[in-house]
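Student: Next up is a structure, given as structure tokens.
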Amino acid sequence: MLRRLGRFLPFVGLPLLSSAAFAGTGDPIRTNDYSVELVQGPVLAPLRVTGLAGAYAAYAEGVDGLPVNPASPAVRAPNSMHEIDWDLAFSLAFPATFGSTDFDNDGKNGFTYEDFVFYTLGGMIQVGPLGVGVLGDFQRYNLTPNASGDSPRSSLTLGRLDLIGGWAFLDNQLMIGGGARGAWLDISSKPPGQSTQTLLSMVGFAPEAGMLIRPDYQPWRIGATFRAAVDAPARQDSAVVVDELGVRRAASLAIPRTVHLPWELCAGFAIQLGPRPLNPRWIDPGAQEHDARERMLRSREARADARAAELAAIRDDTARARRAEQLDREERYLLEQEERRLDGLEEQMLAERRARYWNWPREYILVVAEALVVGPSSSAVSLESFLSQREQVAGERATVTPRLGFEGEPVVGWLKTRFGTYLEPSRFAGRSARQHFTFGFDIHTFDFKGWGFLAPASYRISAMADLAPRYENLGASFGAWY
């Protein structure tokens, strides 16, 4: 049985209740003086991260690392072959696949999520030691699943956004990054035959920072992240209505004072077993090509010095001019030949970097582990409480989530598998934690030979599942195979 907390204390003539009075009992919400806590107990992240039970802060490669470690944009993956590199992400998941679920782990699954969809979209670009990226994850809820054809249809969209940049130090063995994470809540309504109208928009940002240590050719990494608390107050509420109790509402929902993301502290490690290297030294193409061009420039300078010395030894002006013209023709020919050789050398060095990557053994077992500490919230309810408009205080105390994940490639070149587990603490007083088990795989589908400015690439399809008591999450995606 759910342990009931103290009841609301009604105050006659006061449209708003004080924070101290907001104790949470499961009664209808009749105040605007509260927050909606956006803590995600279940892991909602790109598919690879979810398949590893969320334990990704100490691995942090690719665009998937953006929401877990702000240092990730500076982490060069072993398959990074160019000075300027990029990565994109899109994934889709259905955390309420089987209808009624206990998404916020309050001990009951009486709330039914209609049309609950979770998706991520983002990208990053790397230039030498610098990397910048943006990734957002979005949750969409249908607030009027039973609306008739002539009734307005309302929806709620929640989003979290990471805007971060990172820099690699010590020859890409230490990465440090920072930026801002944001949260927003948007409620919109679409009357039949009319355009969509925004009823409420709440937006807020706060800083975040992270670091990752990956010593060259060592089989381990260490990562840590800190995120400050985010409070998102109302930015647009011109279309809200005020009920007879003086409570401001949008789509029949009592508007909260703020949307709140508590502070977070995360630390973890990664270990890779097997012959495949976890931290191969990254060969900087820019530096490699710069060295080749420097050698070519030194050769040109030596020829220029020899030309000047030879011309200075010729006393006759006519003979000196004739010899200078001959040397100029020779120099133009040598310059053309050098540029051709340099272009060929750049292609050769790229081919060598690719061969280096593809010739590494592929057998490996990756072990990742971390602990996530989430701070408390003041006078807050969960997202589920907000959607059902029932008082139930959440986040009165900080919680700790341990996570553990494994990944390997059992069918070399064709199949990668991963699984993990994490213990999701409840954000509600008196409720116990629940154990999650996660699973995922990548299947190599086809190879692209390249065309125009598009380089050769391999592609895969991916899927994952996150299963726990009163919770199921399934997802799929399409992307590059590495």
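Each reported figure results from applying straightforward, stated rules to the coordinates on display, with no laboratory input. Worth saying up front: this structure is predicted, and the values here are computed from it rather than measured. Backbone-built Cβ (ideal geometry, glycine too); neighbour counts: all protein chains shown.
Student: List the aspartates and glutamates whose Cα lies under 15 Å from the Cα of K416, skipping any in the same chain that are fewer than 8 positions away.
Tutor: E363, E407, D442
Student: What FRET efficiency would be calculated for the residue pair F90, H444, taking the C-beta separation as r and a Förster radius of 25 Å, to the nearest 0.05?
Tutor: 0.85
Student: Can I ask one more? If you take every residue apart from S377 with its C-beta less than 11 Å away from the C-beta of S377, what net charge results, scoring Lys and Arg +1 and Asp and Glu -1?
Tutor: Around S377, the charge tally is -1.
Student: Rounded to the nearest 0.05, what FRET efficiency do F437 and I176 give with R0 = 35 Å and r taken as the Cβ-Cβ distance? Could you check?
Tutor: According to the calculation, E is roughly 0.55.
Student: How far apart, in nm, are two points set 7 Å out from the Cα along the Cα-to-Cβ line at R295 and at A313?
Tutor: So the two model labels end up 2.9 nm from each other.
Student: For segment 65-85 and segment 401-429, compute the distance between their C-alpha centroids and round to whole Å.
Tutor: 21 Å
Student: Answer with a single label: of (i) 56, 26, 20; (ii) 49, 22, 20; (iii) 48, 31, 20, which was calculated as semi-axes √(5λ) of the Cα gyration tensor in Å from the structure in view?
Tutor: Label of the calculated value: (i).
Student: Segment 457-479 to segment 148-182: how many Å between their Cα centroids?
Tutor: 20 Å
Student: Turning to a different aspect of this structure: Listed highest first by mean packing, meaning other Cβ atoms within 10 Å per residue, what order do 141-151, 28-38 come in?
Tutor: 28-38, 141-151
Student: Estimate the FRET efficiency between N142 and Y357 by the formula 1/(1 + (r/R0)^6), using the beta-carbon distance for r and 60 Å for R0, to the nearest 0.05.
Tutor: 0.85
Student: Could you work out how far apart the two model spin labels at E347 and A304 are, taking each label as a point 7 Å from the Cα in the direction of the beta carbon, and quote it in nm?
Tutor: With each label placed 7 Å out from Cα toward Cβ, I get 2.9 nm.
Student: Averaging sequence separations of C-alpha pairs under 8 Å and six or more residues apart, then dividing by the length of the chain, give the relative contact order as a whole percent.
Tutor: Worked out over the chain, it gives 19 percent.
Student: Taking every DSSP beta bridge with both residues inside the chain, roughly what % is antiparallel (nearest 5)?
Tutor: In the chain, approximately 95 percent of DSSP beta bridges are antiparallel ones.
Student: How far, in nm, would the chain grow between R340 and R320 when pulled straight, counting 0.36 nm per residue and subtracting the alpha carbon separation?
Tutor: 4.2 nm
Student: Fewest first, what order do W414, W184, W451, W167 take by the number of other Cβ atoms within 10 Å?
Tutor: W451, W414, W167, W184
Student: Same structure, new question: Counting other beta carbons within 10 Å of each Cβ, put Y422, Y364, Y482 in order, fewest first.
Tutor: Lowest count first: Y482, Y364, Y422.
Student: Hey, another quick one. Sort largest first and round to whole Å: the equivalent ellipsoid semi-axes of segment 282-340, each the square root of five times a Cα gyration tensor eigenvalue.
Tutor: The three semi-axes for segment 282-340 are 33, 12, 4 Å.
Student: Using only Cα atoms, tell me the angle between helix 285-312 and the longest principal axis of the chain; keep it within 0 to 90° and round to the nearest 10.
Tutor: Tilt relative to the chain: about 30 degrees.
Student: Counting other beta carbons within 10 Å of each residue's own, what order do S432, S80, S299 fall into, fewest first?
Tutor: Taking fewest neighbouring Cβ atoms as first place, the list is S432, S299, S80.
Student: Subtract the Cα-Cα distance of R281 and A457 from 0.36 nm times their separation in residues, and report this length gain in nm to one decimal.
Tutor: Roughly 61.2 nm would be gained on extension.
Student: Additional query: Add -39500 (n - 2.57) for each DSSP H run of 4 or more in the chain, then divide by its residues: what number comes out at 222 nm, to the nearest 500 deg cm²/dmol?
Tutor: -6000 deg cm²/dmol
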